[in-house]
Structure formats: structure tokens, C-alpha cells
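Asks: Dumping the structure here so I can ask a few things about it.
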Amino acid sequence: MSINKSRLARLATALALLATVVLQGPAVAGSPPVGAPPVVGSRPAAAVQAVGARTVAAQAAGEQAGEAAGSAGSQPVAAAAVAAAAGAAESRSVATPGALGVATGEDGGAAGGGVAPPRVTAASALLADEQTGQVLFQHEARQPRAMASTTKVMTALLALEQLDERRQVVIGTEPTRVSEESLELRGGERLTVHQLLLGLLVKSANDAAVALADAVDGSEAAFVRRMNRRAAELGLDATHYVTSYGLDRPGHQTSARDLARLWEVAMRRADFRALVSTRGAQLPGPSQERKFTNTNQLLGSYPWAVGGKTGFTNDAGRCLVASASRGGRRLVAVALGATDAFADVRALFEYGFTAFDWVRLAQRGQAVTLAAPAGGANSYQVTTDADALVRRDLLDELALAPPARLVAAPSAPPATASAAAQPGSSSAGGTLTVWIQAGGQRLAPLRLAPPGSVPVTSGGAPAASEAASVAGPDAQGPARGAGLGDAIPPMSTVWGGLVPPGSTPAAIDPFLRRASS
């Protein structure tokens, strides 16, 4: 088969030119002229930097040019086209957020094209950032369901709170009557609390749960009452315990949201983290050593897994709550009633680690003017930096959640330490919290106070040159060209720049209990 190399080369060159045009983009109406200082707090329609993102059209052009080069062999023009297309995309790494424009429903499902939500088989699922509590994905997360052996997270937490791990426990008759998964404990046998906890969380032994319950409260019935009191203290409204181990019983239930909350509390403890990350253990036995491996198959198969607790019964289905750490972020995922809980949780983790950027939505001290319910406007000042994880294709959908509405004030002077009220507006007398959302989902609270109540001081953020070098030469916004010591122009719309390095993420929802919508 003959190949018209000249024609092929012209095609590759055209594709490279197309990639260059797409990357540079047409001039945006209303954008500042070349060389003008960046506009901060008023989001232009220009592209916003997204870490690791690449313009879709440019990537497609590069791939087509690569196919052309492959057909032409070592044809120099085609090879140059490939380098031009791929090199231009990599060197600028600029994406147009929302070019794929997707809105998500209440459960995090995609309403259009764009970043696809994770595919899970679970009847209930939740994914959250463990440090801030921000929920990244949820499906029927408040629905009460049977939870099988994930019950043992509460059992372990209470045992660690009440007992010394070095204490020896004499096994009574109650643990020996428990069926299903067990250590086959015998009456009179002596094991330490630590050994029983290994049996509880690594092997998921039911008799270990009852032995620990006896050690804490003298009987499992008394211990279960303690479990329910602790659940009430933590605000686990959908949770009720009937046993300490989790076999199917009427009324024994939790929700994905409650289980994530409980797991977040337990994972604050170093002793709990050490137990759930143990790959295998061996315990002494009456006749021979008991050897077992962790029921959590993600340990060893998913490189970022740091611990988890499994569960399975006929009513509950496959269940798993787990944490994973990657790139300085730790996520918690829950799957209840799944066909394959390991695959579901792995998909949730990959979605959380790859589809989101950490974005600064507003700066401490920034002036904000909100429309008043009866007409007019009220002025406020942002009391603390507002940061959140934002899905990359929703960056251009950032807005205040209704009924709050920003009043644009493009002609207003930059805010100073006094943060004077804008012309035509009045100063609000109290504090206020409104939510920033994207794609219909709340992301982070924007906490506001009267003007002048928050001094804008230097320090705590990178200098302008440093911030610009982090985000790139074309970046604009509070995190991309202004330190806290610089004048911060007022917000006239919500948009985000990458969070400066070294920033400590604020607690958005540390207990995974979001404000009511």
C-alpha cells in the first residue's frame, strides 16, 4: 500500500497549527490588554490553571498527529508536528474548566459530559477528604442499612478508650457461644487486650468482640448500651447497635455518612491506625498458634491504602470503610451493600485523588457585597481563607449557594484594612456564613463579618512572585498574584486559584455533618 508522504506531512502540520490555536485561544471580550495587571476577585472568562490538566482539543490533535507520524515512519515534518502538538500542551498545561461543562446531582452523579463520577455497585457510598471533612461523592449516604462487621469499628474504639492494651483478659463463657467468624476462644484462656483487638480488626473475629465487651462492661448487653450512647454523642443519627460484632439483627444499622464519621474519629488514634494497617498476625492458642491475614484486601493490592474494616452478611452485602493517603491528602471511603466493596472503594479513591484540585475560593480580609433580601446591598469582609477541593470540570460553576448573591462592583477600589463599604451599599452589623457551591453541591463555607473587623496583614501566604511562579505566568486570582500584605480587590464573583504551598486546609466539615440544604 503506497503512502502519499507529502499529503500526510501537510496534514500533520495543520494539526500542529490547530493545537497551537486552541492552546492560545481567541481574545476574550472584556479581558485586560496584554501587559495589564491581573484582575483579582473578578473571574474573567479566560482559562484557569488546573494541575495536571491538558486541553482536550490539543490532546486529540497531538494524538492524531502521532498517528500520522507513525504512518509516515521517520518523516521529519510529521515528527515535528507531533512535538509541536504534544510539547505545546505540556508546556502550558492550561485547561478551560467547564469546557466539558458538567453539573452534578445531589448524589454526585454527572448530569452531562465531563469528569465521570465513580461507578459503584454499593447501595450506599460516600467519599470524603478526611482532614477537612469535605464530601466529594455520596450515594444514598444517609440511608440506614445493615453494616455487618464494620460494627467492630465502634467496638474497637470503645475498647481502646476504656482498656489498657497490655491488660490480660480471661475469656468467659459468653464469647465461646458466638457463631460465624471467630478465634475459637476457650473459657479460661488468657489473651491481652491488644491480641483481642488484632483478632477483632484483622481477622474480624466475633468472639473477640464479645470478649472485649465483657472486659469493658462485664457483659455484651451492657457494652451495647455503651455503644449506642457513644453513637448518640457523636451525632450518628442513623446508627443503632444490637450486637458488638455485627451479625444480622433487626434494628442493627448505620449509614454510610455515620460510618465515615465514626471512622474519622477512630482514625485520630495512632493505636487504632496501627491495628487496621496490620497485614497479618499470629496469636497464641491452646493447641497451636492462630495465624491470619487482614480481611481488607486493599492492603497490599492498593498502594495508597492505609487501613480499613470489612464486613459481610446476607442482609448487609459486602461492606468496607477505608482510608487511603496520596500526595499529602487522605481520603475516607465507605461502601455498604456492595457486590464488590473493594472495587467500589478503589474506584472512589481514584476519583478523589485524580479529579479534584485544591482551590482557594476567597482570601481573608477580602471585601464582599451581598444583595439584601429587601433590595440594596450589605457589605462584609471574609474572616478566613476559603479553600476547597473542586472537581476540575466544575471550576467555572463556582457560585454562592442560593439565596445568597454577590453584587458585582468592578469599579470599586481595592479593599484595604478598613474594608469600607462599597458605594450604594450598607454595612452589615453581624456575622454571616454562606456556602460556596459548584455543580449544585456545597463545597465550603464563606464566613463573613462586618467591614473593618478583619485586618489584612502580611505573612501566611506566598509573595506575589512566589504565588505567580507556582500557578504559572497566565494565572490570575487571589492565590496567584497577591500575598496577604497586598491590597485585595473585592469579590464580584466566585472563582478559584490553586492554594499556595504550605497552606493548612481549613476544617470544612470535620464531623462530616453538612449544613442542611
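Asks: Could you please let me know if A141 is within 30 Å of E180 (Cβ to Cβ), modelled with pLDDT of 95 or more, within 17 Å of the chain's Cα centre (by Cα) and assigned by TED's automatic domain parsing to the domain that holds K309?
Replies: yes
Asks: Sticking with this one: So how many residues does segment 312-354 have that are on the phi > 0 side of the Ramachandran plot and in contact with a strand residue (DSSP E or B) (Cβ under 7 Å, 6 or more places away or on another chain)?
Replies: 2
Asks: Can you name every residue in segment 330-360 that is over 26 Å from T384 (Cα atoms) and of a type in the set (A, V, I, L, M, F, W, C)?
Replies: Across segment 330-360, the qualifying residues are A333, V334, A335, L336, A338, A341, F342, A343, V345, A347, L348, F349.
Asks: Can you confirm whether A335 is surrounded by 18 or more Cβ atoms within 10 Å (Cβ to Cβ), closer than 23 Å to Q134 by Cβ and among the small types (G, A, S)?
Replies: Here the answer is yes, as A335 does meet what is asked.
Asks: Of all residues in segment 131-163, which are of a type outside the set (S, T, Y) and farther than 30 Å from D217 by Cα?
Replies: Q131, G133, Q134, V135, L136, F137, Q138, H139, E140, A141, R142, Q143
Asks: Report, by residue number, each residue of segment 246-258 that is closer than 19 Å to Q138 by Cβ and either part of a loop (DSSP other than H, G, I, E, B) or among the aliphatic types (A, V, I, L, M) (or both).
Replies: Scanning segment 246-258 gives S255, A256.
The values are calculated or read from the model by the stated rules, or taken from the named source; none is laboratory data. Fair warning: this is a prediction, and the values are worked out from it, not measured in the lab. When we count neighbours, we look across all protein chains shown, and the Cβ atoms used for this are built from the backbone with ideal geometry, even at glycine.
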